[in-house]
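Here, each number is a calculation from the coordinates, and none is a lab measurement. None of these values were measured; they are calculated from a predicted model. We place every Cβ from the backbone using ideal geometry, glycine too, and count neighbours over all the protein chains shown.
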Amino acid sequence: MADARDAGVKAEDEVVDLCRELIAIDTSNYGDHSGPGERAAAEYVAEKLDEVGVEPAVYESHPGRSSVVARIPGADPGRAPLLIHGHLDVVPADAADWTHHPFAGELVDGCVWGRGAVDMKDMDAMVLAVLRQRLREGRTPPRDIVLAFLADEEAGGTWGAKWLVDQHPELFADCSEAISEVGGFSVTVAENRRLYLIETAEKGIAWMRLKARGTAGHGSMVNDDNAVTELADAVARLGRHRFPVQLTTTVRTFLEEVCAEFAIPFDEDDVEATVARLGTVAGMIGATLRHTVNPTVLNGGYKANVIPGTATAEVDGRFLPGLEDEFFAEVDRLLGPKVTREFIHHLPAVETEFEGGIVSAMSQALMAEDDGAKAVPYCLSGGTDAKSFQTLGIKNYGFAPLRLPPELNFSGMFHGVDERVPVDGLRFGVRVLDRFIDLS
Ligand SMILES: [Zn+2]
């Protein structure tokens, strides 16, 4: 008797072409509408779903800025659906810096190369490949799956996830949990031991514009109310400030698990020294130990001998889950009474517990394909579309499974040059996701 899994095209074979073809559709996001947009990629995805009998809906928030949503019925319609989402846009890439053209989707040395290979057309392709195979074979997931392929994640999701959550919340409102980027990839501890980092938390984002007002006047006069001086002082105070180390539940669990794996004592009184001993893992989590604020833009004045009435600056603030109020109180204290702030971009922090059925489904699926696997939660210092879906009460997990060779600097490839994903990693991810869906 033939195994149903042998029927037709296999996801493991198809995933590579899907990934390459998605990379070859340039969806560079410049943070405005000047890029090519996501429409061509959305139409590609919609066609791939349509081929296997799914009826996807394409939503356009602005001409060219398209997202695709589809619902696949599960065996138990009484259970809350699982949301699986991925973004279709990528950050721009300058071909001159790359070994292989960033929008060619070349297959070289066992890797698929190009912008989006890890962020995150790899996961888009894995999800498409797995669900296409399941649908071809008539394998029903245990509960409904809502699929979303989204525009504009790289600029905060204003024209993608956030727009859909605001304009069409009914598409996702009954989903209880979601999986997407940035997690599920392996970090090698020893030859036969790999940690798979599952994202269960994200720092919040506070891009702020600071403004100092003073008395305008001639540059030759005595002026004790100079906006440039006030602003420069406040910016320097913020930029030099070191927020204290504060361990959130996720970061604490992560450190305990990782220290145990590396047989390093976890020194609660000197967390940074402990982290420094963790090798490549250290870089990923350094920024999740504390709040940060980095000054990024300065503006003020227009002529050397004219004191302007105002001066402005922009800063990039990132705050820990659960500690937002405390963060802003400290920022205000550092700014002082003469400098005001307003948001350019303000998105919440995210934190979900690392427990329950969905977490054991991830863990079991990983261990079934890698007997040296251990899943651990971690906090991402950046942000993803999880922030938008959290506002609907959905629990978010970064789970885009990839088994990676130890020498590959995976986290360094996000938005970096020569972004590439191993073919073996894609095939592994497809097998894990397929098992995960059965267990979810
Ligand atoms: Zn991404």
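The table below lists the values:
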item: Charge tally in the Cβ shell below 10 Å around I25, where Lys, Arg are +1 and Asp, Glu are -1, I25 excluded; result: -2
item: C-alpha center-to-center spacing [the stretch 87-133, the stretch 324-361] in angstrom; result: 32
item: Burial ordering of C111, C379, fewest other beta-carbon atoms within 10 Å first; result: C111, C379
item: Nitroxide proxy distance, nm - points 7 Å out along Cα→Cβ at L298 and A368; result: 5.7
item: Descending Cα extents along the principal axes, the stretch 283-440, whole Å; result: 69, 36, 24
item: Alpha-carbon centroid distance for the pair the stretch 30-56 / the stretch 186-256, whole angstrom; result: 36
item: Label point distance in nm, D224-F414, each placed 7 Å from Cα along Cα→Cβ; result: 4.9
item: Alpha carbon convex hull of the stretch 149-292, projected area averaged over orientations, nm²; result: 14.7
item: Counted charge near R194, where neighbours are those whose Cβ lies closer than 12 Å (Asp, Glu -1; Lys, Arg +1); result: -2
item: Fraction of alpha-carbon pairs over 13 Å apart in the stretch 327-369 - percent; result: 72
item: R240-A75 FRET efficiency (beta carbon distance; Förster radius 51 Å; 0.05 resolution); result: 0.35
item: Compactness of the stretch 1-154 - radius of gyration and Dmax, Cα, Å; result: 16.2, 55
item: Residues in the stretch 108-125 reached by a label modelled at A287 [backbone nitrogen below 18 Å; 7 Å Cα→Cβ]; result: 118-120
item: By average C-beta atoms within 10 angstrom, highest first, the peptides 306-318, 190-202, 115-127; result: 115-127, 190-202, 306-318
item: Rg/Rg_globular for the chain, with Rg_globular taken as 2.2 N^0.38 Å and Rg from C-alpha atoms; result: 1.06
item: Antiparallel %, DSSP beta bridges [both residues in the chain], to 5; result: 70
item: Hits among lysines - C-alpha to C-alpha of K303 under 29 Å, sequence gap 8 or more where chains match; result: K211, K338
item: Label-point separation in nm, A329 to E51, each point 7 Å along Cα→Cβ; result: 5.7
item: Protection proxy ranking, peptides 402-414, 386-398, average beta carbon neighbours within 10 Å, highest first; result: 386-398, 402-414
item: Spin-label zone in the stretch 189-221 - amide nitrogen under 20 Å from a point set 7 Å from the Cα of I344 along the C-beta vector; result: 203-213
item: Unit charges on C-beta of K, R, D, E only; dipole of the chain, Debye; result: 760
item: Cut-off under 5 Å, modelled amide H: who pairs with G300 long-range; result: T312
item: Sites H62 and D424, calculated FRET efficiency, Cβ-Cβ separation with R0 25 Å, nearest 0.05; result: 0.05
item: The chain, helix-only ellipticity at 222 nm - DSSP H runs n ≥ 4, -39,500 (n - 2.57), divided by all residues, nearest 500; result: -9500 deg cm²/dmol
item: Two-site FRET efficiency, E191 against D267, from Cβ-Cβ distance with R₀ of 30 Å, rounded to 0.05; result: 0.65
item: Kirkwood-Stokes translational diffusion coefficient of the stretch 15-93, alpha-carbon pairs, 4 °C, 1.567 mPa s, µm²/s; result: 93
item: 18 Å Cα-Cα reach of K48 towards lysines, excluding residues that sit fewer than 8 places from it in its own chain; result: K10, K121
item: Ordering of 415-423, 143-151, 366-374, 73-81 by burial proxy (mean other Cβ atoms within 10 Å per residue, highest first); result: 143-151, 415-423, 366-374, 73-81
